[in-house]
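The values are calculated or read from the model by the stated rules, or taken from the named source; none is laboratory data. All of these numbers come straight from a predicted model, not from anything done at the bench. Counting neighbours? That spans all protein chains shown, and the Cβs are built from the backbone with ideal geometry, glycine included.
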Amino acid sequence: MMRGVGRETRKSWESFPKASVYELRPKVDGYYRKVRGGQVYMTKKDVWKIGETTQGVDRYNVNSYKRKNFDMMPIYYGNKMEILIQEKRMIYGYFFRNGTLPPGNRIFR
């Protein structure tokens, strides 16, 4: 689980890029693809994916499924190491509350 964080700790703290953890939420209520197969009905308040980026809204191509159908909501800012830890906490928290990963997350990372 923490392999990615272990590698990151070998770098100097100041060298980490600024980054954020975000949630992708549907723009409208409706059915959306699950990355592990099938579809799920979601409202605008539901979380489709939890992710991390150093690129902000440029993380997804303008024509991508994710950019067209979901709003990116940055919810935590920090350096790369901080957001890797926060992303893991949020994905595991989602899993323990809902019994499954968010529909847009393939693995726990």
Q: Looking at (1) in contact (Cβ under 8 Å) with a residue 60 or more places away in the chain; (2) outside any strand (DSSP E or B), find the lone condition where Leu24 falls short.
A: (2)
Q: Would you please name the residue that is surrounded by the most Cβ atoms within 10 Å (Cβ to Cβ), looking only at residues in segment 30-63 that are in contact (Cβ under 8 Å) with a residue 40 or more places away in the chain and either part of a loop (DSSP other than H, G, I, E, B) or among the hydroxyl-bearing types (Ser, Thr, Tyr) (or both)?
A: Trp48
Q) Can you find a residue in segment 48-60 that is among the small types (Gly, Ala, Ser), more than 14 Å from the chain's Cα centre (by Cα) and more than 17 Å from Phe95 (Cβ to Cβ)? A) no
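Residue-wise test of (1) more than 17 Å from Ile91 (Cβ to Cβ); (2) of a type in the set (S, T, N, Q); (3) modelled with pLDDT of 90 or more.
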site	(1), (2), (3)
Tyr22	no, no, yes
Gly30	yes, no, yes
Gly38	yes, no, yes
Tyr65	yes, no, no
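If I ask for residues that are in a loop (DSSP other than H, G, I, E, B) and surrounded by 18 or more Cβ atoms within 10 Å (Cβ to Cβ), which ones from segment 64-109 would you list? Before you say what the answer is, go through the steps one by one.
Taking segment 64-109 first, the residues in a loop (DSSP other than H, G, I, E, B) are 64, 99-109.
Of everything in segment 64-109, those that are in a loop (DSSP other than H, G, I, E, B) and surrounded by 18 or more Cβ atoms within 10 Å (Cβ to Cβ) turn out to be Leu101, Pro102, Pro103, Gly104, Asn105.
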